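A short reminder: the numbers here are calculations on the coordinates, not readings from a lab. Please read these numbers as outputs of a predicted model, since none were measured by experiment. Positions of Cβ are generated from backbone atoms using ideal geometry, with glycine treated the same way; all protein chains shown enter the neighbour counts.
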Amino acid sequence: MKKHMKKLLLTCAGMAVLTPLLMMAAPAWFPDKEARASSADELPLIGTEDNLKKLLQEEMENRQYRYGYQNDFIEAPVAEMAAAPASSQTKQVSGLADYSTTNIQVAGVDEADVVKTDGTYIYQATEEALVITQAMPANQMKVIKRLDYRDQRFSPSELYVDDQHLVVIGTHNPAQLYYDSAEIGHHIQGTTKAFIYDNRNPSSLMQVREVEIEGNYLTSRKIGSSLYLISNRGLDMYGIMETKSKLLPPLYRDSLADKTYMPVPYDRIHYFPDDVEPNYLIVAGLNLDKPQQKMDVAPYLGSGENVYASSENLYVAVTKNPPAPSLMKRMIPTDTPPKQDTSIYKFRLKDGHVSYERSGQVPGTTLNQFSMDEHKDYLRIATTSGDMWRNDEHTSKNNLYVLDQKLQVVGELEGIAPGEKIYSTRFMGDRAYMVTFKKVDPLFVIDLKKPSAPTILGKLKIPGYSDYLHPYDENHIIGFGKDTEETKDMAYYQGMKVALFDVTDVSHPKEKFVEIIGDRGTDSELLRNHKSLLFSKEKNLLAFPVSLMERTNKSDSNMMEYGNFTFQGAYIYALDLNKGFTLRKRITHLDQEDTVKAGDSWYESKKNVSRILYIKDTLYTLSEDMIKAHDLQKLNEIGTVSLPSQ
């Protein structure tokens, strides 16, 4: 939560004036305790509002010590990132056609994205609407549906599509009060909401359901017909401790059961004894193929940062800060930095039901969802501990831990690359690839065949670093990051760097091919969001969005100089093991006037290409403003459609 401390007092001023709340009886349709008695009962229950305040009072004292000031409102984190990852983003349609799917971490575990296709239509979530475009034939593209959500105070974030359902997930800000049993009104925090449609006829969508859980949308997963939503719902610390106002338990709503919001009673809310936070982690599940099965809602007093899901389990990793020392210890000066660990919560997923299994802990902190992986009943997790700017025993070190099904550490590899931190990790079966960085980029190849004894097989030190690693095949991996230039004490990032690493000889990995794009300031969403990558080994296709910055005076060797804006759009490459990276085309949605107006920099324009996909032999580039279609053979433009703004 520390990295989110700057997000204070932003979302819920009304929470400071919450009025008394009478305890509500459990809704009749809320999942029975027996459904998760074998696991969740291992965690203590909050039970009452008074007990909740006692738990939070102690956490506030710790927080005041750690951060040196009192937080009025803690805003929850906002989203964000299997044995073998999917090697291709291709789906076969009745054996006749193919189209690309979202670049996901685990095969069979779908991740929501702003764009999806079913091979005929393209579905797109914009800031205020859902747009459905008939993509085939490409020279006759047309928008067949636009759903505007502004009147519903709903902002789409991501979506899912399958043969029968369309799910649109986003943020809802209800313009209403929640009334308790005493008819006292309470302000509702923003909710994570999902609209569920029957999508068998996209031109005439039929809404069949809507569900909501309070809090900021963290992430989601879809496994077959089972949908899982995760949110963080912050608590008003000022209202709790200063105004002595009553607390409103987290709310949820399922249109299947009731049109009104329902509170989760305190005697149904568990907490993590060693990880009390002024926040609720809410995990919800439902089965889209079972419309009469009510949503399973499970709130926990705690929070979530990075989430990993396999086909059977969900893991939530959160930074665990140490408790405040005793008063006597506080009076003794120390230069020892506080130790940070990662708590891991494991949940069982089955047919839309969610049940808490157990928790574990490892030293250090995680970077993103790719820091975790489940393989052969083991969880592998990579962390960074310490401070990379120190040069004593407390300097940063990088670690890899192997945990069994009970989340007990059974294998560890600690102290990797002292003084550096992890920039990317990728697990592939019995291997892990780890990139650390401070001045140079060591790529480590780690053997995980023996879970009790992970070992480093080889490493490669090169300039630059990789923010994201993607498998090419069993012996090659692609790195996406930044090039760097070094001085005596520092390294300055330059243009975007794409590299193909050859790990056939695991003891001596090689950088086989390198592509440098632009100069200092060049950026790509891919460096922060893996879903913006399009890759197909079978089609010899690699594509991603780029905002290009180029220096006008190439002879100037000033490594700190930023380039000027010259391009935004998709870079389309061919990639093979003989020729490496071959830039086939750059596709932009900006016209000449846009480029002239841009000057030296650019912004988040609705004309910025954010996703690239293909259907059969046609490549599509998408922005909020338009879709362009090119044939994959020669990349000639064959169609364009403008997307309506209202």
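In the structure shown, the pairs Lys438/Lys554; Lys222/Lys350; Lys459/Lys537; Lys346/Lys438; Lys421/Lys510; Lys142/Lys290 are assessed against 23 Å; a Cα-Cα span above that value is assigned to Lys438/Lys554; Lys459/Lys537; Lys346/Lys438; Lys142/Lys290. In terms of its alpha-carbon gyration tensor, region 96-137 comes out oblate; a/c meets the 1.5 threshold, while b/c is at least as large as a/b. When you filter the trypsin sites (Lys or Arg not before Pro) in region 470-555 for DSSP loop state and at most 16 other Cβ atoms inside 10 Å of their Cβ, you are left with Lys488, Arg528, Lys554.
A simple spin-label model places pseudo-atoms 7 Å from Cα toward Cβ; at Asn553 and Ser204 they are separated by 6.6 nm.
Computed extension length for Arg348-Ser225: 42.7 nm, one decimal, from 0.36 nm per residue of separation with the Cα-Cα distance subtracted. When the GluC sites (Glu not before Pro) in region 462-495 are filtered for DSSP coil states and for at most 13 other beta-carbon atoms within 10 Å of their beta-carbon, the remaining sites are Glu474.
Taking each residue as 0.36 nm, the span from Lys339 to Lys142 lengthens on full extension beyond its C-alpha to C-alpha distance by 65.3 nm. Taking 0.36 nm per residue of sequence separation and removing the Cα-Cα distance, the Lys597/Ile638 pair yields an extension gain of 12.0 nm. Restriction of the chymotrypsin sites (Phe, Trp or Tyr not before Pro) in region 380-427 to DSSP coil positions whose beta-carbon has at most 15 other beta-carbons within 10 angstrom yields Trp389. Distance between the 7 Å Cα→Cβ label points at Glu561 and Gln152: 5.2 nm.
Working from label points 7 Å from Cα in the Cα-to-Cβ sense, the Ala574 to Lys512 distance is 1.7 nm. Computed over every Cα-Cα pair of region 505-592 and binned at 10 Å starting from 0, the pair-distance distribution P(r) comes out as 15, 38, 34, 12, 1, 0 percent.
Checking the a/c ratio against 1.5 first, then a/b against b/c, what shape does the Cα gyration tensor give for region 531-635?
oblate
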